[in-house]
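The values are calculated or read from the model by the stated rules, or taken from the named source; none is laboratory data. No experiment lies behind these values; they were computed from the predicted model shown. In this analysis, Cβ positions are derived from the backbone assuming ideal geometry, glycine residues included, and neighbour counts consider all displayed protein chains. We work out accessible area using only protein heavy atoms, side chains counted, and drop any ligands, DNA or RNA first. Shrake-Rupley method; radii C 1.70, N 1.55, O 1.52, S 1.80 Å.
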Amino acid sequence: MPRPTTPTITAFERSPDGGKGLARDTRVRWALEEVGQPYEVRLVSFRAMKELAHLALHPFGQIPTYEEGDLALFETGAIVFHLAEHHAGLLPKDANARARAITWMFAALSSVEPPILELSIAKFQEGDKPWAKDRLPLVADRIRNRLDQLSARLGDADWLDGAFSAGDLLMVSVLLRVRPSGILDEFPTLAAYVARGEARPAYQRAFAAQLAING
Ligand SMILES: N[C@@H](CCC(=O)N[C@@H](CS)C(=O)NCC(=O)O)C(=O)O
């Protein structure tokens with residue numbers, strides 16, 4: 001089947017979060033909105049995600065995916081990076097500043113998101129295990145440790161390294177996933193950082209678009 005020329009992403013037919021914007025298509029929508037790239041969305045059911053047609057796009061049977069002409073991508077980091085490389089607005093021009101912004105993209109996805117994901121797993125997939133009660137506070141403390149370090153680095157800056165970048169887009173997206181636990185609000189500096197991200201018109205458009213499907 002020929003790939004669509006207008007970029008097309010996949011998203012949950014019905015997001016488990018009921019439109020809170022926590023499913024990972026929101027961060028891709030946000031990046032597309034930041035760079036002013038129109039896009040289409042193909043909704044997939046949980047069953048369709050595990051079928052061959054979707055597995056050809058995403059080996060792990062997940063959303064989001066991204067298709068544009070001959071190109072098919074998965075992994076939000078790769079998708080956001082692709083958009084940032086091909087459009088102005090998400091990565092600085094200066095080579096060193098650009099490398100630092102990319103570093104923050106990796107930091108969001110490989111140093112901050114994993115413990116946050118662990119908390120969801122501990123609560124929702126392992127919550128009925130006899131050891132869950134002992135494990136939860138350990139996982140929560142690992143998040144606190146990371147957020148403490150991140151908060152210290154951000155200090156009183158608006159964004160992680162100069163102007164808003166793809167690094168901030170991913171970091172804010174990752175931090176939003178921990179807010180329901182209450183842990184984000186223990187770090188007012190980070191809560192304000194996330195609020196700055198959410199206040200961006202591009203984020204608001206992305207949030208509204210996913211809410212229109214899931215709300
Ligand atoms: N590392 C991946 C994670 C993708 C992911 O976990 N997607 C979730 C939705 S937010 C999903 O499809 N879950 C359904 C499943 O794994 O069956 C990325 O950043 O794109």
Flag for L169 being at pLDDT 95 or above, open to solvent by less than 50 Å² (accessible area, probe 1.4 Å) and either within 20 Å of the chain's Cα centre (by Cα) or closer than 22 Å to Y203 by Cβ (or both): yes
Qualifying positions in the stretch 120-149 - within 17 Å of L184 (Cβ to Cβ), at pLDDT 95 or above and of a type in the set (A, V, I, L, M, F, W, C): V139, A140, I143, L147
Flag for P7 being away from the ligand (no atom under 12 Å from the Cβ), at pLDDT 95 or above, within 19 Å of G89 (Cβ to Cβ) and in contact with an Asp or Glu (Cβ under 6 Å, 6 or more places away or on another chain): yes
Qualifying residue in the stretch 201-215 (condition: of a type in the set (A, V, I, L, M, F, W, C), surrounded by 19 or more Cβ atoms within 10 Å (Cβ to Cβ) and under 30 Å from D94 (Cβ atoms)): yes
Subset tally (residues that are surrounded by 13 or more Cβ atoms within 10 Å (Cβ to Cβ), free of Cβ contacts under 8 Å to residues at least 40 places away in the same chain and farther than 21 Å from W30 by Cα) for the stretch 87-110: 0
Per-region count, the stretch 152-191, residues of a type outside the set (V, I, T) and assigned to a loop (DSSP other than H, G, I, E, B): 14
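Listed here are the residues, each with its yes/no results for (1) within 12 Å of the ligand (Cβ to nearest atom); (2) open to solvent by 30 Å² or more (accessible area, probe 1.4 Å); (3) in contact (Cβ under 8 Å) with a residue 40 or more places away in the chain.
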site: F12; (1), (2), (3): yes, yes, yes
site: A23; (1), (2), (3): yes, no, yes
site: P38; (1), (2), (3): no, yes, no
site: L43; (1), (2), (3): no, yes, yes
site: M49; (1), (2), (3): yes, no, no
site: L55; (1), (2), (3): yes, yes, no
site: T65; (1), (2), (3): yes, no, yes
site: L71; (1), (2), (3): no, yes, yes
The stretch 190-211, subset under 25 Å from Q149 (Cβ atoms) and aromatic (F, W, Y), residue nearest to the chain's Cα centre (by Cα): Y203
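Condition check ((1) closer than 30 Å to L90 by Cβ; (2) of a type in the set (K, R)) across all residues:
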| position | (1), (2) |
| --- | --- |
| I116 | yes, no |
| K123 | no, yes |
| G127 | no, no |
| L160 | yes, no |
| F164 | yes, no |
| D168 | yes, no |
| V172 | yes, no |
